[in-house]
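Structure record follows, encoded as structure tokens.
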Amino acid sequence: MNFLMTIKQDWFGNLRGDILSGLVVALALIPEAIAFSIIAGVDPMVGLYASFCIAVTISITGGRKAMISAATGSTALVMAPLVAKHGVQYLLAMAILTGVLQIIMGYLKIGHLMKFIPRPVMTGFVNALAILIFMAQLPQFVGEGWQMYVMVAGALAIIYILPKFFKAIPAPLVAILIITIIAIVTHSPVRTIGDLGALKQSLPNFMFPHVPLNLETLKIIFPYALTTAVVGLIESFLTAQIVDDMTDSTSNKNREAKGQGIANIVSGFFGGMAGCAMIGQTVVNVKSGGRGRLSTFVAGVFLLILIVVLHSFLIRVPMAALVGVMFMVSIGTFNWGSLKTLPVMPITDTIVMIATVIVVVLTNNLSIGVIAGVILSAIFFASKISSVHVKASFNESTGVKHYEIKGQLFFASVTDLLSHFDYKEQVALVELDLTHVHVWDHSAVDAIDRIVLKYKQNHTEVKIIGLNQESSELVDKIGIHKKPNAQASSH
């Protein structure tokens with residue numbers, strides 16, 4: 001019963017909103033799919049077939065409702081060298097292998113790694129995405145006349161003003177229809193979808209990639225497949241997180257990984273390239289009212305209907321209308337509140353956020369920016385907790401030198417720790433109080449060994465007190481200072 005209720009809610013809980021938002025997304029998918037096909041060096045239909053297959057499949061198998069997946073620029077950039085060297089058939093085989101790797105990653109629960117992406121990185125990622133979406137529209141203005149600017153402005157006016165008076169149909173869909181009608185009636189000399197590339201009115205066919213089934217083929221496609229699988233999942237997980245925040249709901253990242261894998265396998269067998277979640281189109285979907293799996297399914301199906309049945313209408317849709325929609329997405333995606341909080345944020349968080357934005361914009365690669373941001377955050381975090389406080393006191397009556405140590409002992413803090421000791425001091429006993437310390441790694445244990453053994457070399461005994469159970473077990477396991485004839489390392 002619960003299963004049926006879940007199906008009903010996921011698929012039919014927002015019927016009108018999901019259908020209408022799916023129509024908007026289908027129109028927004030087409031120029032992107034064609035552009036990404038060109039980046040990958042393949043026929044536009046490869047990207048369009050991929051978008052259809054992936055969107056329809058992920059609507060069933062994915063772990064995040066209302067998220068749009070299709071052919072994307074980040075994965076297309078990875079594939080381009082493979083296509084240039086070996087051809088499109090290897091691209092299809094690579095898409096299938098990418099899917100297999102993503103399914104394996106899903107079963108390995110790679111989705112849990114999302115918790116290691118700090119908030120400043122997420123904010124930088126979102127802001128960089130908004131900038132990339134905006135910049136991607138600018139080439140559409142090259143060579144265009146005043147009509148293009150007027151139509152884009154008109155589309156934006158409809159998108160932002162119409163919802164104040166009429167909400168039954170998503171404003172972006174109304175904008176696309178009205179601007180298209182105006183362009184057709186006035187015979188406006190603006191670029192249309194038909195100008196982007198030849199679109200065939202044909203359905204995708206099942207095919208097995210024409211590549212040799214041997215180890216040599218695997219050696220060729222595996223590096224590309226692994227990179228595409230990782231890049232695709234990073235982008236998909238981050239997109240899912242954005243939708244989680246926008247809709248105050250949760251997603252299953254590990255199911256999403258497996259779903260992306262199944263979708264890419266289907267795409268490869270039907271003549272499409274590998275893809276992943278599309279953040280821009282997902283934001284279009286959510287802002288147009290999409291909330292359920294049906295919105296993603298409708299986007300994929302209507303995309304194919306546009307290509308096969310409504311071809312004559314599709315090729316006449318002006319790019320100005322779609323540029324207006326994507327400008328809306330850019331403005332809506334950017335976290336404007338992050339600019340207000342910059343003066344009060346910790347300086348390290350500000351640096352991480354800005355660095356993420358800069359790396360993404362310069363490389364045009366969202367995944368590289370996120371990885372750079374995570375590494376930078378880790379460095380700052382390690383720097384913050386690597387500070388060790390040592391308080392020394394000497395009891396003249398007993399001749400005991402007491403060192404009270406506070407902090408986290410790991411590879412980044414041991415140098416600071418070792419600098420606090422004078423191994424040649426003349427005392428009866430050195431007492432290391434580690435009550436407020438946790439020993440994390442081999443470097444920390446080695447530092448304790450060096451302190452004890454260097455004092456022993458100068459005929460001074462060392463007593464360690466206060467170690468917690470976990471730290472004590474680690475020291476006993478790999479420490480050497482209790483072993484006979486042990487000597488301090490020289491490094």
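The values are calculated or read from the model by the stated rules, or taken from the named source; none is laboratory data. Quick caveat, the model's predicted, so the values are computed rather than measured. Surface accessibility is based on the protein's heavy atoms, side chains included, excluding ligands, DNA and RNA. Shrake-Rupley method; radii C 1.70, N 1.55, O 1.52, S 1.80 Å.
Scan (1) 23; (2) 16; (3) 35 for the value of percent of Cα pairs over 41 Å apart calculated from this model and give just the label.
The listed entry that was calculated here is (3).
Could you sort D446, D245 by their accessible area in this structure, using a 1.4 Å probe and putting the largest first?
Most to least solvent-accessible, the answer reads D245, D446.
Hey, which of these cross-link pairs are over 28 Å Cα-Cα: K219/K258; K253/K340; K391/K482; K115/K384?
In this structure, K253/K340 lie more than 28 Å apart at Cα.
What part of the accessible area of the chain, given as a whole %, is carbon or sulfur when the probe is 1.4 angstrom?
Here carbon and sulfur together make up 65 percent of the probe-accessible area.
Please report, ordered by residue number, every helix of the chain (full DSSP H runs) that is 27 Å or longer along its axis going by C-alpha atoms and whose mean Kyte-Doolittle hydropathy reaches 0.5.
Span-like helices here: 15-40, 88-107, 119-137, 215-247, 366-385.
Measuring with a 1.4 Å probe in the full set of protein chains, what accessible area per residue, in whole Å², belongs to the chain?
Accessible surface, normalised per residue, equals 46 Å².
Order the following by accessible area, largest value first: V88, V445, V150. Probe radius 1.4 Å; ligands, DNA and RNA are ignored.
Sorted by accessible area, descending: V150, V88, V445.
Sort R16, R293 from largest to smallest accessible area, using a 1.4 Å probe on the heavy atoms of the protein chains.
The ranking, largest first, comes out as R16, R293.
Taking Cα pairs under 8 Å and at least six residues apart, what relative contact order does the chain come out at, in percent?
This gives 25 percent for the chain.
Mind grabbing the accessible area of L429 for me, 1.4 Å probe, Å², rounded to tens?
Probe radius 1.4 Å; accessible area of L429 about 50 Å².
Could you pull the accessible area for R119 with a 1.4 Å probe, rounded to 10 Å²?
It works out to around 140 Å².
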